Amino acid sequence: MHDSAETRSWTAVCALDDIVPDTGVCALVDDAQVAVFRVGERDLYAIANVDPGAGAAVLARGLVGSLGERIVVASPITKQHFDLRTGECLEAPQHSVRVWQASLRDDGQVLVGTVPR
Amino acid sequence: MKLVVIGNGMVGHKLLEELMAANHADLEITVLCEEPRPAYDRVHLSEFFNGKSAEQLSLAAPGFFEQPGLELRLNARAVGIDRARKQVLTAAGETLRYDKLVLATGSTPFVPTIPGNDRPACLVYRAIEDLEAMTDWGTRSKIGVVVGGGLLGLECAKALRDMGLQTHVVEFAPRLMAVQMDDGGGRMLQRKIEELGLTVHTQKSTLAIVDGEAARHRMQFADGSHLDTDMIVFSAGIRPRDELARQSELGVGERGGIRIDNFCRTRDRDVYAIGECALWGGKLYGLVAPGYEMARIVAAHLGALLQRTQAAPLPEFAGADMSTKLKLLGVDVASIGDAHGATPGSRTYQFSDERRQVYKKLVVSGDGKQLLGGVLVGDAAEYGTLLQMMLNGIALPEAPEFLILPSADGHARPGLGVDALPASAQICSCNNVSKGQLCEAVSAGARSIGALKTATKAGTSCGGCVPLATQIMKAEMKRQGLAVNNHLCEHFACSRQELYHLVRVERIRRFDELLARHGKGLGCDICKPAVASILASCWNEFVLQKEHASLQDSNDYFLANIQKDGTYSVVPRMAGGEVTPDGLIAVGQIARKYGLYTKITGGQRVDMFGARLEQLPSIWEELIAAGFESGHAYGKSVRTVKSCVGSTWCRYGVQDAVGTAIDLENRYKGLRSPHKLKFAVSGCTRECAEAQGKDVGVIATEKGWNLYVCGNGGMKPRHAELLAGDLDTPTLIAYIDRFLMFYIRTADRLQRTSVWRDNLEGGLEYLKDVIVRDSLGLAAELEAQMRLVVDTYECEWKKAVSDPQTRRRFRHFVNSDAADGNVAFVAERGQIRPATMEEKRDRSRRIPATVEAP
């Protein structure tokens, strides 16, 4: 592996198979809790795991679905919806969360960007 | 103003409600009630036999008689009126001064003057005390006779039959319900009633009641025949209670009744009479709706005197429509307007179906344009439509016969679109609610029949108008562009009930398949758990298997209840609340080992809080090793069956409540449903398990079990209702199977049984028809569905901990064994609790969330 800026900015967190389709897992990335979601077979999204409304690290355990064109996760505690692409909280924009880049490596590893977008 | 009201029956009480609601400043009311309790619902009096208590039948809202300016005297009988001094004399010798007096004395049952009518076990059917006497004699009798085949008589006959007596109805007239029915209707009604095992004797005049041979009494009839019976209940009509008015010369009719004018005043301007004791236009009104109307008129009249206003014209009594619809012994019977075709020149149309035992008749005006009346027996579905057509003078269609003929050959029945009704049309006659008021309530936000009832009181007395009120609500919502939309969410354009049907009929076992065929988008947190629940109710596959896992709410996904800080609570099943000392010790040891907070739940088991995700499998491994199973506290499913100790230990118990509770809990554990389900079993009528506050409540009787359904505690308490009584255990279980599956099949998402029942068209009677009488022919199917669920039960936790794939999901970080640093506890009363935000910042007080060293 080369020591390029590009590889350094990604962290492999798990294998794609570690995430049940249409659910999320929580990954520790540079001391931050990141909720990583697999939607369908290969689409990956990553947002902060802490639900600011509840103060609990639970978003990875929420139900994934769609509202109109948005792909969202519903917080298991407050039931508020977070847009997986933007981190926006639909019901309370002041509770919106950070977003990370997520992608799939050829060997099937799920990568999360080390710096929030 | 000093107002004295004599009588606290339904009508007298309505007057008090109207007056108190108006908040008059200068009004002191004294109410004399000769009964030992305030007003109760006589219309639903027969429910006393189904276990409703006097308190439950009470019409007085809690605290009603504590209001200032209102004094109720119970067991207080008025014996005289001194109109010159404006005083009422009571049996206790007291005198009460009045400015205005209202007689609401009601009526007494008419007992024919037959020698022997005062023998023991010769009773009447009027007050709660009479019903208590009936129950009492009923236990010592084999045969019972009701004298009188009218409305009340048939209701009374049902009560005797339900007590297990051989029941006879003896009627003087040539047919049953002679006032409301014509010959054809009376005959059909009689045949249906006789099929239920009752014996009807018409044209029988009783000469004497003497000692019987085969039973306590013998009734000797004018035609020479006789009938032996153990008890006799007279229900041969009512007579107005007008003695006080007679004594004080207030003016009574030849055949009784206190004469009143349009404002319900007697010939003395300071004395009013309302309800069954009052005679208006030569007529007595024995129904509650006209009585309520009189109460409203007097309240308005007194209100105007108090306010000294002369503004709007005061309401006047103008007679009342005596149409009725009811279910007698399970038979629908309705009588509308001129049922006998007494109007000169009127024409009739009749339809009779001997096989289905349905009889229908229409009476129309000579020119065929107006509906004058009708009779319906065996099927009274058209009652609402016909009544509104008659009351509102809506022009009849070309061929009025099609209004009652069964629809065939694609001929649509000419319906009365509710749009045809004027806003003034009275829909609920009991509570005087018009179509306009219903529409206003819809505009103000009432969007379900339950909400509409709360907002307007329509349909809350006799319930006859509920189907029509529902139609009006739906039409109004449509008119206002409030899509009458029971779509589950944006992904499925159908209701939960329809989805359930699709899943079953098309044998769909996967969410993806259902979404592809009937939905769109990806699904969401509304439809996914709802469909997961439907799939589990229908096919009972493991909720965490790959295809179903992503549909589950966090609670179902991790088989535990998520708490505010993201930790979980763990509840092992303790069926019936029974647990061995070893079991308790094991629970205690596990809770101590994992540092969990423990609390006893309302469902008689132990809840352990503060478990972190990664701890759940090992906690469960230890619970399973100690013999425990999942308690399904996390699911929309059967939770607990609470019980008292029952006959095993208790001096009062009559059945084994704990044993039955355990059997029920083990039978239904794991059943997924639209919402959670709570049960209880009480070992006697003292009801220590509080079964009447549960979705399914079972109460022991000497003979077996009474089954109550659709109760609720919580936010909106609702008493459960008796579905069936004195059941043996196999029948009890069959009925619960049917009830639960019928609920699962038809309820909305997250609708508890109580709300489901409030919105069920046809109400309790319909539910009894479906569950007990199997009117839809569904019983076997519902029981078979339940059998599948019972037979395929598996403990979800046993399965989860033994499957490595599932077990791997129970960790907080996918890429680290670290614990969630966001979770922190502090100590309180010797246990943990979640730290507040402030406490989390002050790290010194935190308790490390670690596992005790083994």
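The values are calculated or read from the model by the stated rules, or taken from the named source; none is laboratory data. Since the structure is predicted, the reported quantities are computational estimates derived from the model, not experimental observations. Here the Cβ positions follow ideal geometry from the backbone for every residue, glycine too, while neighbour counts run over all protein chains shown. Heads up: the accessible areas ignore ligands, DNA and RNA and are worked out on the full protein's heavy atoms, side chains in. Shrake-Rupley method; radii C 1.70, N 1.55, O 1.52, S 1.80 Å.
Couple of notes before you dig in:
- Eligible lysines near B:Lys636 by straight Cα distance, threshold 24 Å, same-chain separation 8 or greater: A:Lys79, B:Lys528, B:Lys546, B:Lys564, B:Lys599, B:Lys669, B:Lys676, B:Lys678, B:Lys694, B:Lys716, B:Lys798, B:Lys799
- Cα centroid separation - the stretch B:800-823 against the stretch B:30-99, whole Å: 68
- Each Cα pair under 8 Å and six or more residues apart adds its separation to the average, and for the stretch B:196-324 the resulting relative contact order is 13 percent.
- Formal net charge of residues neighbouring B:Gly725 (Cβ-Cβ distance under 10 Å; K, R +1; D, E -1): -1
- At least 20 Å² accessible surface lost relative to isolated chain, residues of the stretch A:46-65 (1.4 Å probe): A:Gly55, A:Ala56, A:Ala57, A:Arg61, A:Leu63, A:Val64, A:Gly65
- Summing +1 for each Lys or Arg and -1 for each Asp or Glu among the other residues whose beta-carbon sits under 12 angstrom from that of B:Val252 gives +2.
- Cβ-based charge dipole, the protein assembly as shown, positive-most Cα from B:Val200, B:Met390, B:Val252: B:Val252
- When you filter the trypsin sites (Lys or Arg not before Pro) in the stretch B:317-408 for DSSP loop state and at most 13 other Cβ atoms inside 10 Å of their Cβ, you are left with B:Arg355, B:Arg356, B:Lys369.
- Taking every alpha-carbon pair under 8 Å whose residues sit at least 6 apart, chain B reaches a relative contact order of 7 percent.
- Here chain A is assigned +1 on the Cβ of each Lys and Arg and -1 on the Cβ of each Asp and Glu. Its dipole about the Cα centre then comes out at about 260 debye.
- Spatial offset of the stretch B:586-646 relative to the stretch B:343-380 amounts to 64 Å, using the alpha carbon center of each.
- Note that the stretch A:5-113 presents 40 Å² accessible area per residue, ligands and nucleic acids not counted, probe 1.4 Å.
- Using heavy atoms of the protein chains and a probe of 1.4 Å, the accessible area assigned to A:His81 is about 20 Å².
- Accessible surface area normalised per residue over the stretch B:635-793 is 39 Å², counting heavy atoms of protein chains with a 1.4 Å rolling probe.
- Residues in the stretch B:820-834 occluded by at least 40 Å² - accessible area, probe radius 1.4 Å, against chain by itself: B:Asn822
- Dipole of chain B [Lys/Arg +1, Asp/Glu -1 at C-beta], most positive-end residue of B:Ser335, B:Gln307, B:Gly588: B:Gly588
- One compactness figure for the stretch B:48-201 is 1.36, namely its Cα radius of gyration divided by 2.2 N^0.38 Å.
- The value of relative contact order for the stretch B:1-136, using C-alpha pairs under 8 Å at least six residues apart, is 29 percent.
- Sparsely packed GluC sites (Glu not before Pro) within the stretch A:1-84, loop by DSSP, other Cβ within 10 Å at most 12: A:Glu41, A:Glu69
- Residues of the stretch B:519-553 that bury at least 40 Å² of accessible area once all protein chains are present, compared with their chain alone (1.4 Å probe, heavy atoms only, ligands and nucleic acids left out), are B:Leu522, B:Asp525, B:Lys528, B:Ser550.
- Residues B:Glu213, B:Glu254, B:Glu765 ordered from highest to lowest accessible area at a 1.4 Å probe: B:Glu254, B:Glu213, B:Glu765.
- Accessible-area rank, largest first, for B:Val638, B:Val772, B:Val505: B:Val505, B:Val772, B:Val638, with all protein chains present and a 1.4 angstrom probe.
- For the stretch B:269-320, the set of GluC sites (Glu not before Pro) satisfying both a DSSP loop assignment and a count of at most 14 other C-beta atoms within 10 Å is given as B:Glu316.
- Pair-distance distribution of chain B: all C-alpha pairs, bin width 10 Å, starting at 0; shares per bin in whole percent are 2, 10, 17, 21, 19, 14, 9, 5, 2, 0.
- In plain terms, if you count all Cα to Cα distances in the protein assembly as shown and split them into 10 Å steps from zero, the share in each step is 2, 10, 16, 19, 18, 14, 11, 7, 3, 1, 0, 0 percent.
- Counting charges near B:Arg447 (Lys, Arg +1; Asp, Glu -1) among other residues having Cβ under 13 Å from its Cβ returns a value of +1.
- Residue-normalised convex hull volume from the C-alpha trace of the stretch A:5-113: 96 Å³ per residue.
- Here the protein assembly as shown has 50 percent of its accessible surface on carbon and sulfur atoms, given a 1.4 Å probe and all protein chains in place.
- In Å², nearest 10: area of B:Ser618 left accessible to a 1.4 Å probe: 30
- Between chain B and chain A, the total buried accessible area stands at approximately 2600 Å², from heavy atoms with a 1.4 Å probe.
- Global size of the stretch B:635-793: 14.5, 43 Å for Rg and Dmax (C-alpha atoms, Rg to one decimal, Dmax whole).
- Chain B, dipole about Cα centre (Lys/Arg Cβ +1, Asp/Glu Cβ -1), debye to the nearest 20: 1560
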